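Structure first, then comments.
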Amino acid sequence: MSHSHKRQTSSSVRRIELLAPARDLAGGQAAILCGADAVYVGASAFSAREAAGNSMEDIERLVAFAHPYYARVYLAMNTLLFDQELEPAREIAWAAYEAGVDGLIIQDMGLLELALPPLALIASTQTHNHSPERVAFLESVGFCRAILARELTIEQICEISAQTGIELECFIHGALCVGTSGQCYMSYVLGGRSGNRGQCAQPCRREYSLEDDHGKVVGDKRYWLSLKDLNLSSHLGQLLDAGVSSFKIEGRLKDTAYVANVTGYYRRALDVALAERGMRKSSSGRVELCFEPDLAKTFNRGYSEYGIDGLRKGWGAIHSPKSIGEFMGVVKEARGRSFRLDRKADLHNGDGICYWNRDRQLDGTNVNRVEGDWVTPAESKGIMAGQEIYRNYNHEFEKHFKTSPASRKVSVELTLTRTDTGVTLAGEDEEGNRAEVALEMALEPARQPEAALKTIQTQLKKLGNTLFECQLLTVRMEPVCFFAVSVLNQLKRDWVERMLAARLGAYPRLEGKTVKSEAPYPEKRLSFRGNVINQKALAFYRRCGVETIDAGAETGEDLHGQVVMTTKYCILHEMGRCGGQRVEPAEPMILRDEAGQTFRVCFRCGECGMDIYWKEG
């Protein structure tokens, strides 16, 4: 009645991280249950998503939830800091360390001049990590990871990976900043709300008219700078091969349903790519989703791959910055307040739908009733034959997230062994951690051995609401003895408690340290785009050989006539006025918003992209 099994482990297998956003404690817990290997979260201050702050108590609770799965928690403290904010930021970093946080995501190099806790340092994408030279510099001053610029291609990521030894983190899904991260100042010049200070007012999602350099209107009012959302689900294998170690989902302002759905989808997709390459995820536990993940069913503006393969196609969401959702069909017939689609209407009462109205504006309403092929919305709002209907809120799908969206269990193998004084229950988890408990008791052979064995197997394998699930139970006992159910349950509870302590005791917490390096920075001069707004950052760059350092925009610099956004996106290409063959720069254009503010758009033809200047006057 015994069975032996040898677990195969290997410390040399490459471990890969799926990284999800956590707006709050509930969102972070849902992300981990749905398969995230790590989450990133903001504290009460100094986060690039000011509206997604959390108390240190909630962050500590999130750590306590994550670490038993060997999932990590990173604190995003990635804003620029004024001198008087450096000490409060340092105190938050230490509080996060004491709470068990695994890493610190930062932008401001002034922090490296402080006595930080020994947390792993992660260079925010706001540090403009776009070249091997820049990433190698970050490695030399103590960063263990760089979050890559969203603009990079697979080929460029390969070049960075080949020339550096630092971990590389890559965005794979979510909203796209049209401007180069950390290099966009449009929000600041329009209203004093700095994206580098976590206060972006999203001017890229505003409506603009488009004029030539002489004031003639050449483009109707559109959301000319609004991009579709990123979706690199078909490129995960290539990114793994390029050297990416962490796959990041954007969305610290998104709700729990969004985070759970997207995380669940990418968990499945990434697991396939990992298995094909003999790689493993960086955390533990088997995920069982309570829903079927579908990227079309939660917030999206339409999707693009943003040129990850070098191709330029369909990046803009210029007709609306709002969520479009999933295509449901074309209106075949409209009668009164109801309509019928050209396919089976998989719509439900309470769904949200949207469509493009006669003015090419996105309009929407809710579904009141579905009867057979006919759909009756709350308001018809001019729905007519020929219109495309999209669903941007799926009432039935959202129900899955009212309770726990998934379960996640760490597999264990248990062995019950008879001893001279009683029994022991020993076990090993999927990471190779072991725990054992002994119970001294007088044992008596069971009168019904088969029934007694079945009771033992049933009670010990049933781990219920604990972290664990039993994949194999071995009973080493001749003859089989009788155990009261209460005894087996107590034995099991004691073992679970000890196993959990063993896992946490062996938790592989990351460590890091700042390095007072004098490694030369790749540039000798920093303009205001160097984002230096405190004396510590100034001292850092001077020690690293930068000779001329201009003050950052947030210090009050006059940015009239300056480049306030750089982007690889091109309005000309979006308008169909460029086939990608231009060598000489096209004539500049003017963006004008509803308040009359103007920006001059200069095209970088040949290399493709735009520089946007805050226009004089």
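Observations on the model:
- For MET441, distant residues with modelled amide H under 5 Å away: GLY422, VAL423
- Residue-level accessible surface for ARG360, protein heavy atoms, 1.4 Å, Å²: 90
- Over segment 81-186, the hull volume per residue, using the convex hull of the C-alpha atoms, is 119 Å³.
- Taking the accessible area of segment 51-140, probe 1.4 Å, and keeping the other protein chains in place, the carbon and sulfur fraction comes to 51%.
- With one equal scatterer per alpha carbon and no solvent term, the Debye-computed log10 I(q)/I(0) for segment 142-237 at 0.13 1/Å reads -0.65.
- Segment 114-159-segment 212-257 distance, computed between alpha-carbon centres (Å): 20
- Here segment 286-344 and segment 545-617 have alpha carbon centers that stand 30 Å from each other.
- 1.4 Å probe accessible area per residue over segment 216-296, in Å²: 36
- Each eigenvalue of the Cα gyration tensor of the chain, multiplied by 5 and square-rooted, gives one semi-axis; in descending order these are 49, 34, 20 Å.
- Of ARG268, ARG252, ARG340, the residue with the largest accessible area leads and the full order is ARG268, ARG340, ARG252 (1.4 Å probe).
- Segment 1-127 - Debye-derived log10 I(q)/I(0), Cα point model, q = 0.10, 0.13, 0.18, 0.19 Å⁻¹: -0.35, -0.54, -0.92, -1.01
- Radius of gyration and Dmax over the Cα atoms of segment 231-300, both given in Å: 12.5, 34
- Counting only DSSP H runs of at least 4 residues, each contributing -39500 (n - 2.57), and dividing by the residue count of the chain, the helix-based mean residue ellipticity at 222 nm comes to -7000 deg cm²/dmol.
- Table column - 3J(HN,Hα) (Hz), segment 494-505, Karplus curve with 6.51, -1.76, 1.60, x for Gly and Pro: 5, 5, 4, 4, 6, 5, 4, 5, 5, 4, 5, x
- Of the residues LYS248, LYS399, ranked by 1.4 Å probe accessible area with the largest first, the sequence reads LYS399, LYS248.
- Rolling a 1.4 Å probe across all protein chains gives ASP309 an accessible area of roughly 70 Å².
- Percent carbon-and-sulfur accessible area, segment 261-361, ignoring ligands, DNA and RNA, probe 1.4 Å: 49
- Proximity of backbone amide H atoms, modeled 1.01 Å from N, is registered between TYR393 and GLY352 at under 5 Å, excluding neighbours fewer than 5 places apart on the same chain.
- Quarter of Cα convex hull surface for segment 291-378, i.e. mean projection, nm²: 7.5
- Rg in Å to one decimal, and Dmax rounded to a whole Å, for segment 210-350 via C-alpha atoms: 19.8, 62
- For segment 356-448, a Kirkwood radius taken over Cα pairs fed into Stokes-Einstein (25 °C, viscosity 0.890 mPa s) yields D = 122 µm²/s.
- Convex hull volume of the C-alpha atoms in segment 75-137, normalised per residue: 81 Å³.
- Förster-model FRET efficiency, 35 Å R0, LYS454 and VAL272, C-beta, rounded to 0.05: 0.40
- Per residue accessible area in Å² of segment 372-510, where ligands, DNA and RNA are left out and the probe is 1.4 Å: 52
- If you take the alpha carbon atoms of segment 388-500 and fit the smallest convex hull around them, that volume is 150 Å³ per residue.
- Antiparallel %, DSSP beta bridges [both residues in the chain], to 5: 60
- Values of log10 I(q)/I(0) for segment 184-290 across q = 0.14, 0.18, 0.23 Å⁻¹ run -0.81, -1.00, -1.26, by the Debye formula with one identical scatterer at each alpha carbon and no solvent.
- Equivalent ellipsoid dimensions for segment 464-524 as semi-axes, Å, which come from the Cα gyration tensor, largest first: 51, 12, 10
- In the distance distribution for segment 386-440, Cα-Cα pairs more than 14 Å apart total 71 percent.
- Rg/Rh (Cα only; Kirkwood hydrodynamic radius) as it applies to segment 420-474: 1.00
- Kirkwood Rh and Cα Rg combined as Rg over Rh, evaluated for segment 495-617: 1.24
- Between ASP373 and SER404, the contour length at 0.36 nm per residue exceeds the alpha carbon distance by 7.8 nm.
The values are calculated or read from the model by the stated rules, or taken from the named source; none is laboratory data. Bear in mind that the values here come from a model prediction, so they are computed numbers and not experimental data. Backbone-built Cβ (ideal geometry, glycine too); neighbour counts: all protein chains shown. Ligands, DNA and RNA are stripped out before the accessible areas are found, and what is left, the full protein with its side chains, is counted by its heavy atoms. Shrake-Rupley method; radii C 1.70, N 1.55, O 1.52, S 1.80 Å.
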